[in-house]
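Take a look at the structure below.
The values are calculated or read from the model by the stated rules, or taken from the named source; none is laboratory data. None of these values were measured; they are calculated from a predicted model. Positions of Cβ are generated from backbone atoms using ideal geometry, with glycine treated the same way; all protein chains shown enter the neighbour counts. For the accessible areas, the whole protein counts, side chains as well, though only heavy atoms, and no ligand, DNA or RNA atoms are used. Shrake-Rupley method; radii C 1.70, N 1.55, O 1.52, S 1.80 Å.
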Amino acid sequence: MDTEQNFQFSSHPNGKPLQPPPHLHQAEPDEGSGQTVDLAWVLDVARRRASIIAGVALTVIISSGSWLAWSKYQTVPEYQGSFKLLVEPVTAEDRLRNQFLLSQSQALDLQRIEVDRSSLLDYETQIRVLESPKLLNPVLNYLQRRYPEIDYKSLTVNLLINRITYEKDGKEEGTKIIEVRYINEDQKQVEFVLKKLADVYLQYSLQERQQSLYQGIEFIEDQLPTLQQQVDQIQGQLQKLRQKYNLIDPIVADNLLTEHILAIRRNRLETEEQLAKTRETYNTLKRQLSEEDATAVLSTESNTYQSLLGEMQRLEAQIASESAQFREDSPPLEILREKQQNMRRILSQEAEAILGNLEGQIKGLEEQYKTIVNTENEINQKLEQLPDVARQVGDLQRKLEVSTDNLKDFLSKRETLKLDAAQQEIPWQLIEPPQLWRDEMGRLIPVERQSIKRPFAIAVVLGVLLGIGVGFLTEILHKVFHTPDEIKETTSLPILGVIPWAKEFKKLAKQPSQLATIAQVAHSVSPKKRHLLFSRNNRGTEYSNSPFTESFRSLYTNIRLLSSKQSIQSLAISSPVSGDGKTMVALYLAQTAATIGKRVLLVDTDLRSPQLHSRFDLPNTQGLSDMIASDLTLEDAIQKSSLDQNLFVLTAGQTLSDPVKLLSSDKMQCFMEQVSSQFDLVIYDTPPLLGLGDGNLLAAKADGTILVVGVEKTDRSLVTKAFDGLKIARASILGIVANGVKIEKTKSYIAYRR
């Protein structure tokens with residue numbers, strides 16, 4: 001038979017096709033398979049291992065509950081008492097006062113704590129302080145006088161301090177009340193310890209508060225001299241700077257210097273102009289004087305020298321008049337000439353006096369100009385230095401302002417703290433005195449050191465988890481197939497048939513006239529009843545529509561539909577190991593084919609451990625081994641079944657020492673060809689595949705091989721090894737028959753395939 005041909009399979013007689021394997025000789029994993037958790041598989045495991053999971057969980061829960069209950073009743077009863085302290089003010093006036101004091105303290109770095117919307121106290125830190133050795137050691141020394149067995153560890157273990165909380169808008173809010181509880185077997189000790197703790201905590205609150213205030217006052221007193229010294233030092237520096245630069249306000253000084261420099265510049269320009277004019281006049285008069293033109297020099301000041309100039313003009317006019325009448329050497333002219341010479345000497349002297357006066361003016365203007373320039377330079381220098389001086393003055397003024405403000409604040413806070421210290425009362429109030437806990441009837445309430453509800457709940461959860469873990473571990477260690485789909489996924493072969501198993505079918509085996517429908521039933525009843533697949537009576541065939549018979553009809557239909565060109569005439573029914581139900585499948589498949597009119601020969605090729613003769617209640621005196629090893633004819637070896645006229649059986653015959661040699665012989669090959677031509681279908685019940693070579697030899701010679709796998713029975717690794725052996729033998733593997741599937745799974749699988 002061609003092993004590479006295409007096939008179509010059907011899981012139901014109506015013929016809906018199944019997908020064929022990718023190769024008839026090799027199973028390949030699905031390409032799309034991933035490493036993801038299959039929820040259906042998880043649910044199946046939980047269902048299969050429900051008894052283990054429930055057993056382990058119940059064992060853990062019952063054991064834990066018993067131990068917890070025993071531990072509870074073995075515990076010596078203890079009692080507890082408590083008192084409550086109001087540690088923060090409640091009234092608005094007190095809250096405002098504390099807020100003010102806190103703001104003052106924070107500004108001075110006296111206390112640096114984070115506050116919430118409604119609390120000024122860090123409760124977590126405060127509770128740890130109350131539990132600290134600093135506060136508890138004095139209490140412990142006092143308590144040990146009456147109870148020497150108390151130490152710090154036992155005191156802190158039995159002492160519980162917490163803040164009372166309440167729920168608001170779904171959130172837990174804290175109150176301003178601290179509850180202190182103490183637990184012990186001795187009632188008197190509880191009361192004694194609580195009273196002492198209440199006194200110590202109240203005294204601590206008073207001392208702590210007053211100590212904080214006095215520390216603030218002391219801190220301020222230490223800082224005041226330093227602050228005063230800073231103020232004095234800055235004032236001295238500012239005074240020296242103002243005296244040095246002769247300024248009070250830098251802005252005013254800048255405006256005055258700017259106006260002054262503008263005036264000096266105008267004066268300098270005027271002086272330069274006047275000096276230039278004076279020098280020009282001096283040079284002109286000096287040149288005129290050098291030309292003996294004293295009249296021109298004196299004419300510059302005509303008002304002063306008008307009489308001299310007039311006298312000179314009269315002499316010149318008289319000389320001109322007399323020159324026309326007298327000679328030059330005449331006495332009158334000589335007298336006039338002499339007067340003229342004297343007048344000229346006088347004019348020259350006056351002109352020199354004028355030049356001397358101008359020269360003095362020039363020197364005066366030059367000195368004045370130098371003075372103006374020096375003054376201008378000094379003012380410019382002051383203007384250049386003024387920004388730096390102004391910055392220094394501004395810095396000193398800011399420092400002085402800060403230092404002065406700090407000094408004022410410290411003085412104000414010192415007075416505030418002194419006033420608060422003088423008016424300070426106990427900040428904590430004992431709102432609930434120390435007392436033992438009692439019920440409504442006045443009886444003491446024993447304390448449960450540890451409630452068993454939470455440990456028991458944890459035990460329940462752990463028990464369930466442990467049960468689930470054990471169940472899944474059992475599932476992993478129990479390496480068998482649980483469903484036909486698992487077999488298909490592992491082998492990549494089609495499921496040709498699903499043989500059901502159900503508890504209800506066991507009842508059929510107890511009824512002689514009914515059908516024993518499954519292999520497990522067949523093994524559980526007497527050998528005479530194991531062959532009763534289609535029991536007949538006067539009313540016809542019983543249970544013809546049962547799930548069991550329908551499964552074999554579906555199996556036979558799938559085999560018929562394997563090839564559209566050539567029918568399969570020989571089948572090898574095998575399994576990895578014995579007990580998987582291959583003989584049962586071969587028997588019922590043969591009987592199913594016979595009931596629909598096919599001539600079927602069922603051959604028992606398990607020469608080592610034959611079973612078919614016992615199933616049909618036939619003799620095994622001669623059979624396959626005798627026919628091949630001797631001259632026994634086929635007609636003499638074959639026996640006709642009493643179940644159906646179309647069903648013939650060839651038993652194994654006598655047991656031989658070397659079945660492999662017999663099955664691999666040429667006579668065996670001729671026998672197989674002969675029976676294939678005489679019967680419509682030949683079914684070979686082969687030996688198990690693993691450990692023996694008989695099954696692989698027969699599978700290689702048959703037209704097709706069907707592998708029977710027991711659900712919840714056959715190990716996965718054995719199926720893989722058997723499958724590998726069939727591939728080596730180049731057997732034509734048609735598919736898988738899943739045997740022993742529970743009736744519920746069978747219906748689900750058939751519905752799924754449809």
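When the residues of region 561-578 are filtered to those that are open to solvent by 10 Å² or more (accessible area, probe 1.4 Å) and out of contact with any helix residue (DSSP H, G or I) (no Cβ under 9 Å at 6 or more places or on another chain), which remaining residue is farthest from N739 (Cα to Cα)? Per the stated criteria, the residue is K565. Scanning region 322-340 for residues that are surrounded by 11 or more Cβ atoms within 10 Å (Cβ to Cβ), assigned to a helix (DSSP H, G or I) and of a type outside the set (K, R) gives E322, S323, P332, L333, E334, I335, L336, Q340.
Taking the criterion of being open to solvent by less than 40 Å² (accessible area, probe 1.4 Å) and either among the β-branched types (V, I, T) or more than 25 Å from D122 (Cα to Cα) (or both), the residues of region 155-176 that qualify are I161, T175.
Given the condition within 27 Å of T271 (Cβ to Cβ) and at pLDDT 75 or above, answer yes or no: does some residue in region 287-298 qualify? Yes - at least one qualifying residue is present in region 287-298.
Checking each residue in region 691-705 for being modelled with pLDDT of 85 or more, surrounded by fewer than 22 Cβ atoms within 10 Å (Cβ to Cβ) and part of a loop (DSSP other than H, G, I, E, B) picks out only D703. Restricting L508, L515, L496 to those that are at pLDDT 80 or above and over 43 Å from the mean Cα position of the chain (by Cα) reduces the list to L496.
Being under 60 Å from the mean Cα position of the chain (by Cα) and small (G, A, S) holds for only one residue in G394, G364, and it is G394.
For the criterion of being modelled with pLDDT of 75 or more, open to solvent by less than 80 Å² (accessible area, probe 1.4 Å) and either assigned to a helix (DSSP H, G or I) or among the aromatic types (F, W, Y) (or both), A317 passes. The sole residue among Q239, Q235, Q207 that is modelled with pLDDT under 85, farther than 30 Å from V389 by Cα and open to solvent by 80 Å² or more (accessible area, probe 1.4 Å) is Q207.
Among the residues of region 92-112, none qualifies, meaning not one is modelled with pLDDT of 85 or more, surrounded by 13 or more Cβ atoms within 10 Å (Cβ to Cβ) and under 20 Å from Q207 (Cα atoms). Tallying residues that are over 13 Å from A46 (Cα atoms) and either of a type in the set (A, V, I, L, M) or open to solvent by less than 50 Å² (accessible area, probe 1.4 Å) (or both) within region 451-465 yields 9. Residues that are free of Cβ contacts under 8 Å to residues at least 12 places away in the same chain and either assigned to a helix (DSSP H, G or I) or of a type in the set (F, W, Y) (or both) within region 140-173 comprise N141, K153, S154, V157, Y166, listed in sequence order. Looking only at residues in region 627-663 that are over 23 Å from A590 (Cα atoms) and acidic (D, E), the one that is least open to solvent (accessible area, probe 1.4 Å) is D658.
So is Q35 outside any helix (DSSP H, G or I), surrounded by 15 or more Cβ atoms within 10 Å (Cβ to Cβ), at pLDDT 50 or above and of a type outside the set (F, W, Y) or not? Judged against the criteria, Q35 is not a match. Taking region 242-281 as the range and being among the acidic types (D, E) and either under 12 Å from I372 (Cβ atoms) or modelled with pLDDT of 75 or more (or both) as the test, the residues that pass are E259, E270, E272, E273, E280.
Number of residues in region 642-660 that are polar (S, T, N, Q) and at pLDDT 85 or above: the value is 3. In region 593-618, the residues that are under 19 Å from E635 (Cβ atoms) and free of Cβ contacts under 8 Å to residues at least 12 places away in the same chain never reach a residue that is among the aliphatic types (A, V, I, L, M) and loosely packed, with under 15 Cβ neighbours inside 10 Å with C-beta atoms less than 6 angstrom apart, at least six apart or across chains.
All told, S307 falls short of being open to solvent by less than 90 Å² (accessible area, probe 1.4 Å) and either among the aromatic types (F, W, Y) or at pLDDT below 70 (or both). For beta carbons closer than 7 Å, sequence separation of 6+ or different chains, a first residue in region 179-197 that is touching a residue at least 12 places away in the same chain (Cβ under 8 Å) and under 14 Å from L136 (Cα atoms) and a second that is open to solvent by less than 10 Å² (accessible area, probe 1.4 Å) and of a type in the set (F, W, Y), the qualifying pairs are V180/F83; V193/Y182; L194/F83; L194/Y182.
Scanning region 257-279 for residues that are of a type in the set (A, V, I, L, M) and touching a residue at least 60 places away in the same chain (Cβ under 8 Å) yields L257, I261, I264, L275. Yes or no: region 375-385 includes at least one residue that is at pLDDT 75 or above and of a type in the set (A, V, I, L, M). Yes, there is a match, as at least one residue in region 375-385 is at pLDDT 75 or above and of a type in the set (A, V, I, L, M).
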